[in-house]
Amino acid sequence: MKKNIIFFSELNISRIQALTDAVFAIVITILSLTLEVPTGENEKNIEKFLLDQLIPKLFIFFLGFIVVGAFWVDTHFNHIHMNKTNIINIWLNIFFLMFICLIPFSSGFLANYLDTTISVIIYSINLILVSVFHLAMLMHSWKNKFINPKVDKKIYHSMCLRIILPIMIYLLIIPLGFLHQRWVVYLFIAPLFFQILFGRAGKQTTMKETEKRLEEMLH
């Protein structure tokens, strides 16, 4: 019975990584489907479409692509530094991926209704839920000592802060959405600075140690 419990509680990290990478690859591909070009229009209408619709939609596409990319980089670093996992962490990861899969929908909604409050709120809530489950995975892994001991408490707190600060910005954007101003959308760029620049646990690990960790996971 004891062996069965251990087998059930400590599961294969590489399976989580494979599922996560597959989902992110599909989501990034689907993001481009929000871009549509009209057919049968004259040059004047095409120019109007380019300025009024295509350029704003391209901005939302680039924003969504970088947002999804930043979350993938975070999960990549987190998984690299995890020694083991359990069923709770796996389900947290599944819910995290569920809301990642909604980003093309909320991104497309924002692109098509850029000046509406509801589109800003939906996009903000989507990113908040992704971030909350991301934070829950990190905290659960730390609490259960699933993370490499080389990642100290200072780095862990910095990693948490990199997730919490964007959540605060997304919460701030929601009431600003009621202003019906297009500049509010550009505030979604701000959280990316925290995600890209803060709290990389990878700085504490040499390339050789990382390669060794990958080999252990594959075997």
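Here are a few things to note about the model shown:
- For region 81-93, the criterion of being under 30 Å from THR34 (Cβ atoms) and either in a loop (DSSP other than H, G, I, E, B) or touching a helix residue (DSSP H, G or I) at 6+ places or on another chain (Cβ under 7 Å) (or both) is satisfied by at least one residue.
- So ILE100, is it within 11 Å of the chain's Cα centre (by Cα), at pLDDT 95 or above, part of a helix (DSSP H, G or I) and not aromatic (Phe, Trp, Tyr): yes
- Counting the residues of region 148-171 that are at pLDDT 85 or above and among the β-branched types (Val, Ile, Thr) gives 4.
- Residue within region 133-147 that is among the β-branched types (Val, Ile, Thr) and either over 22 Å from LEU97 (Cβ atoms) or under 19 Å from the mean Cα position of the chain (by Cα) (or both) present: no
- Taking region 151-167 as the range and being over 25 Å from SER124 (Cβ atoms) and in contact with a His (Cβ under 8 Å, 6 or more places away or on another chain) as the test, only VAL151 passes.
- Residue that is farthest from LEU19 (Cα to Cα) [pool: residues in region 57-67 that are of a type in the set (A, V, I, L, M, F, W, C) and crowded, with 19+ Cβ neighbours inside 10 Å]: ILE60
The values are calculated or read from the model by the stated rules, or taken from the named source; none is laboratory data. What you are looking at is a predicted structure, and each value in this text was computed from that prediction instead of being measured. Neighbour counts run over all protein chains shown; Cβ positions are idealised from the backbone, glycine included.
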